[in-house]
1. Please find, within the range 148-164, the residue that is surrounded by the fewest Cβ atoms within 10 Å (Cβ to Cβ) out of those that are out of contact with any helix residue (DSSP H, G or I) (no Cβ under 6 Å at 6 or more places or on another chain) and small (Gly, Ala, Ser).
2. When you go through (1) of a type in the set (D, E, K, R); (2) under 30 Å from Leu123 (Cα atoms); (3) modelled with pLDDT of 90 or more one by one for Arg15, which number turns out not to apply?
3. So how many residues does the range 217-237 have that are assigned to a loop (DSSP other than H, G, I, E, B) and either more than 13 Å from the chain's Cα centre (by Cα) or of a type in the set (Ser, Thr, Tyr) (or both)?
4. Only one residue in Ala179, Ala227, Ala172, Ala160 is modelled with pLDDT under 95, of a type in the set (A, V, I, L, M) and touching a Ser or Thr at 6+ places or on another chain (Cβ under 9 Å). Which one?
5. Among the numbered criteria (1) in a loop (DSSP other than H, G, I, E, B); (2) at pLDDT below 85, which single criterion is violated by Arg9?
6. Looking at (1) farther than 16 Å from Glu21 by Cα; (2) assigned to a helix (DSSP H, G or I), which is the only condition Ile50 fails?
7. Within the range 100-112, does at least one residue satisfy the condition of being under 28 Å from the mean Cα position of the chain (by Cα), among the small types (Gly, Ala, Ser), more than 28 Å from Gly4 (Cβ to Cβ) and outside any helix (DSSP H, G or I)?
8. Can you name every residue in the range 187-216 that is in a loop (DSSP other than H, G, I, E, B) and modelled with pLDDT under 95?
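The values are calculated or read from the model by the stated rules, or taken from the named source; none is laboratory data. From a predicted model like this one, the values you see are computed outputs, not experimental measurements. For neighbour counting, all protein chains shown are included, and Cβ atoms are generated from backbone atoms with ideal geometry for every residue, glycine included.
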Amino acid sequence: MLIGEVARRSGVSARMLRHYESLGLLRPSGRTGSGYREYSGDDIRRIFHIESLRSLGLSLREIGRALDDPGFTPSALVDDLIRQTRERIAAETDLLTRLRRIDAAEPAGWEDVLQVVAVLQALGSKSPAARQRAALSAGDEVPVEALVEAVLRETEPNVAGALRWALARSGADGTALLAKGLDSPVAAVRERAVRSLAELAGDEPTAHLRDALAHPDVVVRGHAALALGTRGAADAIPVLIDMIVDGRNDTDAADALSVLASDTATADRIADGLVSRLGTGTSTGTPTGAESGAGAGAGAAQRLHAVGGPAGQSTRGTTEAPARVRLTQSLADIPGDTASRALIELSQDEDRAVAVTATYLLRLRDAP
């Protein structure tokens, strides 16, 4: 079969067939009387083998070794091809992402394109200082996706703070993207996501923070509860009390509870929840706190007596002593009769640290 016919049937151009021959990759089995190349059936099969290996990404040199070296094994080469392909896909994906972000910025001219590229490169810089400068100088030209991605991957606290500030200042809605970060398998990414949501105002971020109160990650739950506490969301109360019991940001949690205790009903609910944890070490969900005023105070006192109190029985239940002290301290800024009566009971607690703390807090409450 002559070269033209081979080219037609194989789909490989005559020029490429000659190139294969020049490299020693393919040698026609014979020549016609006029000197034309003549290819046998084995030659045709070799051409198809060459093209099949080329489709896998092998170089012509590697193809020659694969076909002619009896000791050549494909495993190492295939592994290397997998690695190269992954790197190429990652590079192409990165390029596609960058192009989409430039397109999202809606540049009016090439100067705008160059500005976006410069900021994106700075956000991805290895230098924390460069990343921080980029965050502080970021304007409308930076797509929200780029800011969210930078926020979620940032490990330097100062840079992360600047990026969260830039994201909040941008006014762009990155809430949904941040919420996806809450489902990351990486704990640090989840924390960055919830902290960023906490700095965004509006109903949608608040809704995601409410959902995060039931998150399996205690750190996510804690940050969500602290943020919701400052927003007056009473559904954060159980998680805030859990934080006090566990000693996780307990001072901040107590401060958030004091902010929430702005009305009698909520104050009594908080005091009731704190008292219930003083006697038992298990969380029972959202405290009912149905009582108010003197009735609520009496209910709290009855619960203390139920697990022990001035009668000399143990008041500790399964709650550890340090946690009971923290819970007692948290009653300090909770107004109302429920908290006051609980402190009166606790001033007679068999745990001296609890009793002394409660006595001191009662004096502060009675001071003019």
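1. Ranking the qualifying residues of the range 148-164, first place goes to Gly161.
2. (2)
3. Restricting attention to the range 217-237, the residues satisfying the condition of being assigned to a loop (DSSP other than H, G, I, E, B) are 217, 231-233.
Checking which are either more than 13 Å from the chain's Cα centre (by Cα) or of a type in the set (Ser, Thr, Tyr) (or both) leaves us with 231-233.
Residues meeting the conditions: 3.
4. Criteria check complete, one pass: Ala160.
5. All conditions pass for Arg9, except number (1).
6. Going through (1) farther than 16 Å from Glu21 by Cα; (2) assigned to a helix (DSSP H, G or I) one by one, Ile50 breaks only (1).
7. yes
8. Step one: of the range 187-216, the residues in a loop (DSSP other than H, G, I, E, B) are 199-202, 213-216.
Across the range 187-216, the qualifying residues are Glu199, Leu200, Ala201, Gly202.
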